[in-house]
Amino acid sequence: MKEGFRQAMAWLHTWAGLIFGWLLFAIFLTGTLAYFKDEITHWMQPEVQAHPLDDGRSLAVAQSYLQQQAPTAASWFISLPTSRDPGLSVMWQDKAEPGKRGTFIQKILDPVSGQPVQARDSKGGEFFYRFHFQLQMPYPWGRWLSTIAAMVMFVALITGIITHKKIFKDFFTFRPRKGQRSWLDGHNAVGVLVLPFHLMITYSSLVIFMSMVMPAPIMASYGDDSRAFFKELFPNTDNPPALGQPCQLLPLLPMYQQARQQWAGGHVGRVAVNNPGDVNASVNVFRAGSDSVVHDFGNTVSFNGTTGELLRVSGEPSLPAVVGGSFYGLHMGHFAGPVLRWLYFICGLAGTAMIGTGLVIWLGKRQLKHAKSAVMPFELRLVEVLNIASMSGLMIAIAAFFWANRLLPVSFAARSDWEVQAFFVAWGLSLLHAMLRRGRRGWVEQLSIGALLFVAIPLLNAMTTTQHLGVSLMNGDWAMAGFDLTCLASGVFLAWAAWKMQRRTASQPKAERARGLTLKQEAG
Amino acid sequence: MLLALLMCYAGFTALCLSTDRHHGELLHSKLTSKRRLGLRLGGWLLLIAAIWPAVLAAGWSQGLVEWCAVLMLSALLLVLLLPYRPRLALILAGLSLLASPVAALALS
């Protein structure tokens, strides 16, 4: 009975993992990249220069710019620069007829000169962040599909734990160079050792998704779209309406300082001003999400904009809000400093590797049976093609996205859409390539192309911008330098994988067939 | 976070050495039941005690997250080192034990 249960769980693990594995691989890899979404955006908009942070100067610059450009706007939003994202973002909403919503206009300012920066049109890291839960599909479908994928992932994790007989006995076991055995060891090792992360990320995604697919307050996902800002305004609808009497707005800096005192030195993420030119102006200062693990969606201090009087301090969040906020905060990792952020990134890569090795094992096991025949059955060939395209193909697509960012002319129309097009075209081509080439050759060629593309990215950056590695390292612009170095490392890794694959292909016919270990593995 | 990392790595190495298979592979000696108990106890103690520096440096919520992170990463590092550079894995564990008091001094 017990064995029957375990077998049933193993069956579920195998098939749930296979059907959703390709999708989950993409979700995990792009989600992992999203941990560095601000840094990626910084790299993809090199026109936005990094400066030493000075919130006082940034606020003054933003206020005087908005005063000139949008004195009669319905509201202003100011997002302060951070060490991860150096741009000072200002946005305003025009006045509109009652019942309509005014249009939003966003600019990125240089926090020192106060001039708008003509940054190239690019989705930046936001693309990966959006893709990992919307999957580039129209509104609720992508979110539904990724919610289902998250549930399957959860099922696969639980069934995987049940199926794995010797979690503690094999805890430290990894035996490389043993073919199928090594893949299973690797799959178990990254699965078991990083299990707390896998469980946390999968469960928290369900918590977040549940509120996404049902219209609940947590809908406000941080991002640069207007909806997120609008939702953040939600708790402030009790701010008084405009009276129509013009009045000068007070400097924002003292209110900023007072808000920080309220939070015992906590940081300010964003400042919103309602009715800036009116006697009834109000200023809402939002706390930065990086301040605490528990994400608090409405941590604000509100002021009267013309008298400077403190109007309201948001109370302590309720217990459900704390629980929901902790899952949200843990998943997003806004609070993580550089070291912890890298650890998050490594954990994400481990999750990606777990899914990838699982897919390889599925195929490897079944290929053994057909090792002697020349032609693989259609279903195995299908899995092989999808494995290649979903893993090495995705790497190529990501590299193509970055390449497009540097090669498309800055003034190109609908430029950011073309970057995304480049991503999907490259992915589609890699699928085509995988269909045309025989398994192992397909792997070697795609991994090599991916390696070349990634290794060349620092070079490409040096040729197309003034922000090459020498400059960024000298200026201490770690986001820019880190991006280049990470690309270089990824390229070297892919080259190593390609080389391993190539060597196996070459040595296979004689030595390994003699030992009866044909077609042991496919690389991921 | 450094001290927590050092302690977790040393702790996992001790737990690893408390298994028959890895003890034989790494130290080429037979594991006595007394030593097994000592290694197991020491390993668990180090892992759990590593909560303290993490929480002390970063507060409860962030500290616990950091502890979990270094727990996972130190185990991953050890398991990846073992088959390729077993001696290095052991040397690192020794070094982290030696460096722990220094890191503790820097923390306090």
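Working from label points 7 Å from Cα in the Cα-to-Cβ sense, the residue A:369 to residue A:144 distance is 3.5 nm.
Across peptide B:79-88, the mean count of Cβ atoms from other chains lying within 10 Å of each residue's own Cβ comes to 3.
Measuring between their Cα centroids, region A:399-429 and region A:254-325 lie 38 Å from each other. Placing a label point 7 Å from the Cα of residue A:103 along the Cα-to-Cβ line, no residue of region A:417-452 has its backbone N under 12 Å from it.
Between 0 and 90 degrees, the angle of helix A:253-262 with respect to the longest Cα principal axis of chain A falls at about 60 degrees. With R₀ set to 25 Å, the beta-carbon distance separating residue A:464 from residue A:349 gives a calculated FRET efficiency near 0.35. Both radii are taken from the alpha-carbon atoms of chain A; with Rh as the Kirkwood radius, Rg/Rh is 1.02.
Explain nothing, just the number: dipole magnitude of chain B about its Cα centre with +1 on each Lys and Arg Cβ and -1 on each Asp and Glu Cβ, in debye rounded to the nearest 20.
Details: 8 positive and 3 negative charges, 93 e Å.
So the dipole magnitude of chain B works out to roughly 440 debye.
Springs join every pair of Cα atoms under 10 Å in this Gaussian network model of chain B, and among B:90, B:15, B:81 the largest mean-square fluctuation is at B:81.
Farthest toward the dipole's positive end in chain A, which of A:89, A:400, A:305, given Cβ charges of +1 (Lys, Arg) and -1 (Asp, Glu) about the Cα centre? Checking the options against the dipole of chain A, the answer is A:400.
Would you work out which of B:12, B:98, B:24 lies farthest towards the positive end of the dipole of chain B, given +1 charges on the beta-carbon of Lys and Arg and -1 on that of Asp and Glu, about the Cα centre? Looking along the dipole axis, the top candidate is B:24.
The Rg/Rh ratio of region B:2-107, with Rg taken over Cα atoms and Rh as the Kirkwood radius over Cα pairs, comes to 1.00. Using the Cβ-Cβ distance between residue A:19 and residue A:424 with R0 set to 22 Å, the FRET efficiency works out to roughly 0.50. Available extension along the chain between residue A:309 and residue A:210 is 31.7 nm, counting 0.36 nm per residue and deducting the alpha carbon span. As a length-normalised measure over Cα pairs under 8 Å and 6 or more apart, the relative contact order of region B:2-107 settles at 40 percent.
For the protein assembly as shown, the residue among A:248, A:293, A:451 whose Cα projects farthest onto the positive side of the dipole built from Cβ charges is A:451. Past 26 Å, Cα to Cα: identify those pairs from A:165/A:365; A:166/A:500; A:37/A:500; A:37/A:365, in the order given. Table pairs above 26 Å Cα-Cα are A:166/A:500; A:37/A:500; A:37/A:365. Remark: spin-label model distance residue A:82-residue A:471 equals 2.5 nm, labels positioned 7 Å along the Cα→Cβ axis. Fully extending the segment from residue A:267 to residue A:112 would add 53.8 nm, taking 0.36 nm per residue of separation and subtracting the current Cα-Cα distance. Over the residues of chain A, the helix contribution to mean residue ellipticity at 222 nm works out to -19500 deg cm²/dmol, using -39500 (n - 2.57) for each DSSP H run of at least 4. Spin-label model, residue B:64 to residue A:489: label points 7 Å out along the Cα-to-beta-carbon direction sit 3.0 nm apart.
Given +1 at the Cβ of Lys and Arg, -1 at the Cβ of Asp and Glu and no other charges, the dipole of the protein assembly as shown around its Cα centre is 3780 debye to the nearest 20. Between the alpha-carbon centres of region A:15-32 and region A:54-98 there is a gap of 39 Å. Peptide A:244-251 has a mean of 0 when you count, residue by residue, the C-beta atoms of other protein chains within 10 Å of its C-beta. Relative to one another, the C-alpha centroids of region A:359-398 and region A:436-507 are positioned 24 Å apart. Using a cut-off of under 19 Å, list every residue of region A:459-476 whose amide N is near the label point 7 Å from the Cα of residue A:54 along the Cα-to-beta-carbon line. In region A:459-476, the label zone of residue A:54 (backbone N under 19 Å from the point 7 Å along Cα→Cβ) covers A:475-476. Counting 0.36 nm for each residue step from residue A:452 to residue A:319 and taking away their Cα separation leaves a gain of 42.8 nm. As an exercise, use a Förster radius of 22 Å and the Cβ-Cβ distance of residue B:33 and residue B:87 to find the FRET efficiency, rounded to the nearest 0.05. E(calc), rounded to 0.05, equals 0.25.
We did not get these values from a lab; they are worked out from the coordinates using the rules stated. The structure displayed is predicted, hence computed values, not measured ones. Positions of Cβ are backbone-derived with ideal geometry, glycine not excepted, and every protein chain shown enters the neighbour counts.
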